[in-house]
Amino acid sequence: MHFELTEEQRMIQSMARDFAEREVAPKARELDRTGRWPNELVKRMGELGLMGLVVPEEYGGSGADTVSYALAMEEISRACASTGVIMSVQNSLVCEPLLRFGNEEQKRRFLVPLARGEKLGCFGLTEPASGSDAAHMATIAEDRGEHFILNGAKNWITNGPHADLIIVFAAFDPSLGAKGTVALIVERGTPGFTQAPPDEKMGIHAAHSCTVFFDNVKVPRENMLGEKGMGFKIAMITLDGGRIGIAAQAIGIARAAFEKALEYAKVRKAFGEVIANKQAIQFMLADMATELDAARLLTLRAAWMKDKGMRHTRESSMAKLFASEAATRITHKAIQIHGGYGYSTEYDVERHYRDARITEIYEGTSEIQRLVIATQTLKS
Ligand code: CAA
């Protein structure tokens, strides 16, 4: 068993860290306060090859592996969780399914500009009345032969307000359940496809999400991704990879909070000495460090399995479940170590705490991850 990173993985990690520290971190507090969409950072991520990391170079990407992607996601999210999730949606939820299920024409037309970061995408699975029960969609794609007629709404669509296209999942025959679904690529500007204003959220303020509406949208058949009837499976296989990205995001957020708590504990004095000398603080730091490492190991294992072409449904869910819940615990402790200052918006740890919370919810709640892990474990 090898724990060392390859030279390429180290290079991508250090490029992402350098960009995150120099260009992203200095803006993170302002982005959180104002909720401004970080257009300039999205553009820079494209230039640096961070928007299509695992996409082969012939399709405009960086040709890296999933381990590198997880390492880069951690670095970007350590600086700014909003910027992290913008990157993760583009990589995991848009480029990946196009790479895996797209035909050559779709790859040339849609994947190349997305992987280069010239265009932005989003992923439309969740609906106002079905988040966890994703197979039961109310969005309908009526098959008219040459095209589909799409009607319905999708919500919490990260990148939705700015995306040039959406991969949307819809039912062509609701009586067939998951087998009656299809994945369609819908471009911005298609008549009947509209976006509501950005959602107001507890955290990740600069990562805009919104509800999108489809009102008799005519989608040409050539925009169908994969086979008719495969929609739900494409969504699930995509989320197997996406959950690795969210686990890495959670690790980045948690690491930022941990590092700040560690630094603070070494300088803050109480009862005549720095609080880092107190066992109560040391035990918190020990738990935080251990959970961070455990989360990273689970995440890199899932990424490695994906790179080896192994089924990683269970391992991705384990990584996301553990990393997201650990991030909540770690950011909670980081505030505790900071005492009253931790509750102040003058310090970053309250932002990390708010940002961590969403990682337990999107791309499948912790409850859904437990369900997936249990189902896969019982099957084995
Ligand atoms: N890989 C391959 N196939 C899969 C699969 C996977 N990971 N998961 C399910 N399938 C297949 C099953 O094998 C089955 O196929 P067969 O009938 O041919 O055997 C079919 O799909 C249906 O599977 P299930 O019966 O298991 O489906 P279910 O209705 O019980 O749902 C679920 C399973 C795990 C609960 C699923 O609905 C789920 O993951 N829900 C959560 C959805 C989610 O994560 N949403 C996040 C939205 S995206 C987001 O948050 C983006 C963002 O903004 C950042």
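The values are calculated or read from the model by the stated rules, or taken from the named source; none is laboratory data. On a predicted model such as this, the values are computed, not experimentally measured, just so you know. Cβ placement follows ideal geometry from the backbone for every residue including glycine, while neighbour counts extend to all protein chains displayed. Note: accessible area is taken over every heavy atom of the protein model, side chains too, but ligands, DNA and RNA are not part of it. Shrake-Rupley method; radii C 1.70, N 1.55, O 1.52, S 1.80 Å.
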Per residue of region 248-256, in order, report the coupling 6.51 cos²θ - 1.76 cosθ + 1.60 (Karplus, θ = phi - 60°) as ³J(HN,Hα) in whole Hz, putting x for Gly and Pro. 5, 4, 4, 5, x, 5, 5, 5, 4
Taking 7 Å along the Cα-to-C-beta vector as the label spot, tell me the THR194-ASP293 distance in nanometres, rounded to one decimal. 5.5 nm
Subtract the Cα-Cα distance of GLU105 and GLU7 from 0.36 nm times their separation in residues, and report this length gain in nm to one decimal. 31.9 nm
Once fully extended, how much extra length lies between MET236 and ALA286, figured as 0.36 nm per residue of separation less the alpha-carbon to alpha-carbon distance? 14.4 nm
Name the residues whose placed amide hydrogens come within less than 5 Å of the amide hydrogen of PHE148, ignoring near sequence neighbours (fewer than 5 apart) on the same chain. VAL219, ARG221
Between rounded, prolate and oblate, where does region 239-379 land on the alpha carbon gyration tensor, with a ≥ b ≥ c its root eigenvalues, rounded for a/c under 1.5, else prolate if a/b exceeds b/c? prolate
Cα gyration tensor, region 76-207 - rounded (a/c under 1.5), prolate or oblate: oblate
With every protein chain kept in the model, how would you rank TRP37, TRP304 by accessible area, 1.4 Å probe, largest at the top? TRP304, TRP37
Report the Cα centroid-to-centroid distance between region 255-302 and region 1-73 in angstrom, as an integer. 25 Å
For an R0 of 56 angstrom, estimate the FRET efficiency from the Cβ-Cβ distance between ARG144 and THR345 and round to the nearest 0.05. 0.60
Sorted by chain and then number, the residues having a modelled amide H within less than 5 Å of the amide H of ALA163, at least 5 places away or on another chain, are none
Ignoring everything except DSSP H segments at least 4 long, calculate the 222 nm mean residue ellipticity for the chain; use -39,500 (n - 2.57) per segment, divide by total residues, nearest 500. -15500 deg cm²/dmol
Counting only protein heavy atoms and rolling a 1.4 Å probe, one gets per residue an accessible area for region 7-115 in Å² of 37 Å²
Accessible area per residue in Å² at 1.4 Å probe, computed on region 121-232: 42 Å²
Mind ordering 79-86, 116-123, 336-343 by average Cβ neighbours within 10 Å, highest first? 79-86, 116-123, 336-343
At 7 Å along the Cα-to-beta-carbon direction for both LEU378 and LEU176, put a label point, then send me their distance in nm to one decimal. 2.7 nm
Under the Karplus relation with 6.51, -1.76 and 1.60 and θ = phi - 60°, whole-Hz ³J(HN,Hα) for region 32-41, x at Gly and Pro, equal 5, 5, 8, x, 5, 5, x, 3, 5, 6
Over 20 Å (Cα to Cα) among LYS179/LYS228; LYS260/LYS333; LYS269/LYS333; LYS154/LYS218; LYS266/LYS333; LYS119/LYS179 -> LYS119/LYS179
Would you grab the residues whose amide H sits under 5 Å from the one on LEU225? Only those 5+ places off in sequence or on another chain, please, with H modelled 1.01 Å from N. ALA183, LEU184, ILE185
Taking all protein chains in place and a 1.4 Å probe, what share, in percent, of the accessible surface of the chain do carbon and sulfur account for? 54 percent
